[in-house]
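Since the structure comes first, as structure tokens, the remarks are kept for the end.
The values are calculated or read from the model by the stated rules, or taken from the named source; none is laboratory data. Predicted model only: the values in this text are computed from it and were never measured. Ideal geometry is used to build each Cβ from the backbone, glycine not excepted, and the neighbour counts take in all protein chains shown. For the accessible areas, the whole protein counts, side chains as well, though only heavy atoms, and no ligand, DNA or RNA atoms are used. Shrake-Rupley method; radii C 1.70, N 1.55, O 1.52, S 1.80 Å.
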Amino acid sequence: MHEFDPRIVNRLERQNAALISLARSDILQSGNLKDSLPKVLEAVSQTLGIARVSVWEFQNSHAAIRSLALYDSRTSQVTE
């Protein structure tokens, strides 16, 4: 029988809990990306334990990128 590293198990449990919470979220089920991003970015920040998370999109046939939103856990603010 294989022994699993408890840190990996804990990380996977946190990630699964975050995914389930997001999947059940009314905001995400609405299909409105702009309204959903703050909740998704906050969940990513908390789950991965990082302070800043952002989402970017390609523009002009992938010639440029543009930030859609940035979440900073130190201020709990989302900027666009």
Checklist entry - How about segment 17-70: which of its residues are of a type in the set (Ser, Thr, Tyr) and free of Cβ contacts under 8 Å to residues at least 24 places away in the same chain? => result Ser21, Ser25, Ser30, Ser36, Ser54, Ser61, Ser67
Checklist entry - Say we look at segment 29-52 and pick out the residues that are open to solvent by 90 Å² or more (accessible area, probe 1.4 Å) and closer than 16 Å to Thr75 by Cβ; which of these is nearest to the chain's Cα centre (by Cα)? => result Gln46
Item to check | Boolean, Ser25 is under 18 Å from Ser73 (Cβ atoms) and either open to solvent by less than 70 Å² (accessible area, probe 1.4 Å) or in contact with a helix residue (DSSP H, G or I) (Cβ under 9 Å, 6 or more places away or on another chain) (or both) | outcome: no
Item to check | Qualifying positions in segment 48-73 - out of contact with any Pro (no Cβ under 9 Å at 6 or more places or on another chain) and under 23 Å from Ala17 (Cβ atoms) | outcome: Leu48, Gly49, Ile50, Ala51, Arg52, Val53, Ser54, Val55, Asp72, Ser73
Checklist entry - at pLDDT below 90, more than 16 Å from Ser76 (Cβ to Cβ) and in contact with a Pro (Cβ under 9 Å, 6 or more places away or on another chain) - does that describe any residue in segment 11-21? => result no
